[in-house]
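A quick write-up on the structure given underneath.
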Number of protein chains: 2
Amino acid sequence: MSSRLKDVAARAGVSVRTVSNVVSGSAPVAEETRARVQAALDELGYRPNLAARNLRAGRTGVIGLAVPELHSPYFAELAGLLVEAARRRSWTVVIDQTFGEPDAERRLLADTGGRLVDGLIISPWSVSPEDLTARARDVPVVLLGERDPHGAADRVAVDNVLAADQATTHLIETGRRRIAALGLQPHLRNGTAQQRLTGYRDALARAGLTPDPALERTVTALHRRDGAEAMTALLASGARPDAVFAFTDELALGALHVAHEAGLSVPGDLAVVGFDDIEDGRYAHPPLTTVVPDKRQIAERALQCLADRVYSPAPGVPPLDVVVPHRLEIRGSTGPAVR
Amino acid sequence: MSSRLKDVAARAGVSVRTVSNVVSGSAPVAEETRARVQAALDELGYRPNLAARNLRAGRTGVIGLAVPELHSPYFAELAGLLVEAARRRSWTVVIDQTFGEPDAERRLLADTGGRLVDGLIISPWSVSPEDLTARARDVPVVLLGERDPHGAADRVAVDNVLAADQATTHLIETGRRRIAALGLQPHLRNGTAQQRLTGYRDALARAGLTPDPALERTVTALHRRDGAEAMTALLASGARPDAVFAFTDELALGALHVAHEAGLSVPGDLAVVGFDDIEDGRYAHPPLTTVVPDKRQIAERALQCLADRVYSPAPGVPPLDVVVPHRLEIRGSTGPAVR
DNA sequence: CTGAAAGCGCTAACAG
DNA sequence: CTGTTAGCGCTTTCAG
């Protein structure tokens with residue numbers, strides 16, 4: 001079966017202390033002894049028991065990642081990048097899905113007391129950042145996709161207000177005047193949708209366009225089907241939009257689908273902009289103009305925040321607010337208007 | 001700081017044993033004592049230390065999931081379902097991405113000796129099942145997406161040959177005669193592509209159609225871009241297909257994209273079938289006909305296999321070969337041919 | 001440079 | 001029903 005340090009020591013005729021030194025390199029070992037120990041190590045196929053090591057060290061080398069749902073392309077991609085970045089630091093990632101349920105999000109934080117994880121990266125939906133961080137008892141937490149200034153934990157996010165403003169401004173520049181905002185989520189507490197709405201309204205105001213409540217559409221979730229439903233309702237309402245700024249690419253793709261079914265030409269009759277830069281958007285018809293957050297950097301910076309908190313016990317350091325760059329990528333879905 | 005069993009015991013004026021009993025319920029405790037202990041537990045916000053518990057129990061309650069890449073919609077969705085199913089069993093899932101690299105896949109199995117995980121679910125690409133399972137030293141392994149009969153570990157998969165046959169037969173029934181197979185991967189060792197090719201050829205043979213090597217196209221990876229490249233090459237080759245059976249939905253969507261750009265009407269000029277039923281397929285233009293594997297059941301059965309191996313130490317049980325149901329979902333991309 | 005031994009927090013066998 | 005205690009496998013202090 002599986003061999004312990006003690007077994008290796010017996011086989012090499014040394015003490016466990018020496019074997020431990022060979023394995024960890026924490027103290028010098030005579031060349032001859034080392035060779036003998038190494039041979040025993042190899043023969044027995046020794047693997048350290050992580051549980052014992054963790055118990056001793058008080059650290060696990062595991063971090064938790066909580067996303068609302070993994071089947072969303074955006075979160076899947078982000079999770080992939082985080083796992084990759086963690087691996088580079090020799091960390092393991094356990095993933096949990098909250099489905100945006102307040103209880104799941106709260107329970108998660110309560111559970112961290114179990115020390116399975118050294119830290120937690122969480123992308124909250126239902127629960128407000130304040131509520132979440134108040135519960136993070138013992139481990140450092142990094143919040144994703146937030147820009148709430150009243151922070152009690154590190155945050156990593158793009159500048160949603162600015163990005164939404166740029167996306168809307170781009171639509172205005174292609175000659176659109178009746179631009180719909182698709183993706184309001186007044187029931188959610190994470191603030192992201194609110195920030196994108198603010199950017200949208202800012203852009204309209206700057207261009208001297210009066211916001212029309214009929215063009216601001218609420219969704220319950222952020223999938224293609226929600227985008228499709230909202231778009232159907234928008235068209236049925238008689239609001240006659242000439243452009244749509246969808247708060248996520250998935251919503252935009254749902255809207256695009258409905259526009260096609262309704263016989264609208266894109267971008268001739270209707271321009272569409274999304275947010276997130278998921279891969280499907282690049283292969284849509286036409287390819288989807290979108291706000292591209294630097295996801296790789298989101299992952300990298302989030303992990304950096306965690307590393308700093310976990311390995312540098314400096315309790316005085318105030319919460320960081322990391323703003324990650326983004327850019328607007330213009331593709332076929334926002335060509336000039338045709339009348 | 002964080003409190004131990006000993007602290008709670010001191011506060012409640014009992015021994016650690018009693019506190020442990022209250023926490024785990026493994027032995028009866030007098031009602032009065034229990035109340036006192038519970039109060040102490042609550043006041044101190046006690047959380048068991050998982051590392052210590054694991055060291056003691058020899059089990060971690062953590063299972064590993066290794067997928068090639070998380071940003072693939074199919075794997076993302078599957079991972080989500082597995083995490084969900086694991087949660088129902090109070091298991092935690094650590095996720096790793098292999099990117100199909102042989103070294104990553106092998107290292108993963110070598111590492112399992114560290115006992116971070118009680119079991120491993122792996123979806124192999126580069127490494128053959130035999131190679132993989134030979135390395136699984138101490139923990140049970142479940143293979144996903146395989147149907148190799150020479151098994152040394154449990155497997156869970158759909159019947160790829162049958163499914164591919166049905167997809168191809170459906171195309172034949174809509175009047176197609178020059179059906180391309182898109183997605184051969186001779187460099188991979190996992191056998192899935194080979195099985196789908198077999199099913200494709202079976203269907204052609206049954207219909208009395210002669211296979212045309214020019215219609216069988218190889219890809220290096222399974223993303224939209226690979227499907228697009230293969231489709232471009234196919235059209236440029238002058239092979240004049242009237243249908244495409246793509247081995248994954250992502251490939252199919254890439255092919256669809258190229259078909260549109262080339263001015264082909266779908267399904268009039270070209271019918272397209274995919275495999276996997278990823279969400280984007282439902283919102284494509286036209287919606288993509290596809291083979292729908294029962295992913296929820298794949299997740300459920302894989303976990304069941306692991307649970308049986310981990311909790312029922314019956315070394316004699318031979319490897320299971322679980323075949324999960326699938327169906328062909330016919331959508332707009334495979335209407336009747338128009339000439 | 002190497003050995004002996006304490007102890008991380010928890011569970012369970014063994015008393016009482 | 002409850003207290004005492006050994007020990008899971010590892011790291012590390014203290015001696016030698």
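The values are calculated or read from the model by the stated rules, or taken from the named source; none is laboratory data. Computed from a predicted model, the values in this text were never measured in an experiment. Cβ: placed from backbone, ideal geometry, glycine included. Neighbour counts: every protein chain shown. Note: areas computed on protein heavy atoms with side chains; ligands, DNA, RNA excluded. Shrake-Rupley method; radii C 1.70, N 1.55, O 1.52, S 1.80 Å.
Take the Cα of B:R53, step 7 Å toward its Cβ, do the same at A:R206, and the gap between the two points is 5.3 nm.
Of the residues A:D7, A:D165, ranked by 1.4 Å probe accessible area with the largest first, the sequence reads A:D7, A:D165.
Magnitude of the charge dipole for chain A, about its Cα centre and with charges confined to Cβ atoms of Lys, Arg (+1) and Asp, Glu (-1), is about 940 debye. Distance between the 7 Å Cα→Cβ label points at B:A233 and A:S265: 3.5 nm.
Using a probe of 1.4 Å on the protein chains alone, the accessible area found for A:I172 is around 30 Å². Remark: label point of B:R327 defined 7 Å out from Cα along the Cα-Cβ vector; separations to the same position in other copies 4.6 nm, ascending. Bridge orientation summary for the protein assembly as shown: considering DSSP beta bridges with both residues in this region, about 10 percent are antiparallel.
Inter-part distance, region B:167-226 to region A:199-254, computed on C-alpha centroids, equals 42 Å.
Just to make sure I understand: if all protein chains stay in place, what is the order of A:R225, A:R59 by accessible area at 1.4 Å, largest first?
A:R225, A:R59
Each copy carries a label point for A:Y311 at 7 Å from Cα toward Cβ; from one copy, the others' points are 3.9 nm away, ordered from shortest. Taking a ≥ b ≥ c as the square roots of the eigenvalues of the Cα gyration tensor, an a/c ratio of 1.5 or more together with a/b no larger than b/c marks the protein assembly as shown as oblate. Remark: accessible surface ordering of A:R155, B:R17 (largest first) is B:R17, A:R155, probe radius 1.4 Å. The distance linking region B:1-67 with region A:257-307 is 48 Å (Cα centroid to Cα centroid, whole angstrom). Solvent-accessible area per residue in the protein assembly as shown equals 42 Å², computed with a 1.4 angstrom probe and all protein chains kept. For chain B, a Gaussian network of Cα nodes joined below 10 Å ranks B:T33, B:T218, B:T290 by mean-square fluctuation, and the top entry is B:T33.
Counting protein heavy atoms only, region B:5-48 has 50 percent of its accessible area on carbon and sulfur, 1.4 angstrom probe. Just to be sure I understand: if you take the accessible area of chain B alone plus chain A alone and subtract the pair, with a 1.4 Å probe, what total do you get in Å², rounded to 100? Buried area (both sides, nearest 100 Å²): 4300 Å². Close amide H partners of A:D321, meaning residues 5 or more places away or on another chain with modelled amide H under 5 Å apart, are A:R155. For A:V62, the residues 5 or more places off, or on other chains, whose built amide H falls under 5 Å of its own are A:T92, A:D118. Measuring nothing but how far apart in sequence close Cα pairs (under 8 Å, 6+ apart) lie, relative to its length, chain B scores a relative contact order of 15 percent. From its DSSP helices (H runs of at least four residues, each -39,500 (n - 2.57)), chain A gives a residue-normalised ellipticity at 222 nm of -13500 deg cm²/dmol.
Here the chain A residue lying nearest the rotation axis onto B, judged by its C-beta and given with the distance in whole angstrom, is A:A76, 2. For chain A, what is the percent of antiparallel DSSP beta bridges, rounded to the nearest 5? So the antiparallel bridges in chain A amount to around 10 percent. One quarter of the surface of the convex hull around the alpha-carbon atoms of region A:160-293 equals 7.0 nm², the direction-averaged projected area. When B:G208 is represented by a point 7 angstrom out along its Cα-to-C-beta vector, the spacings to that point in the other copies are 7.4 nm, nearest first.
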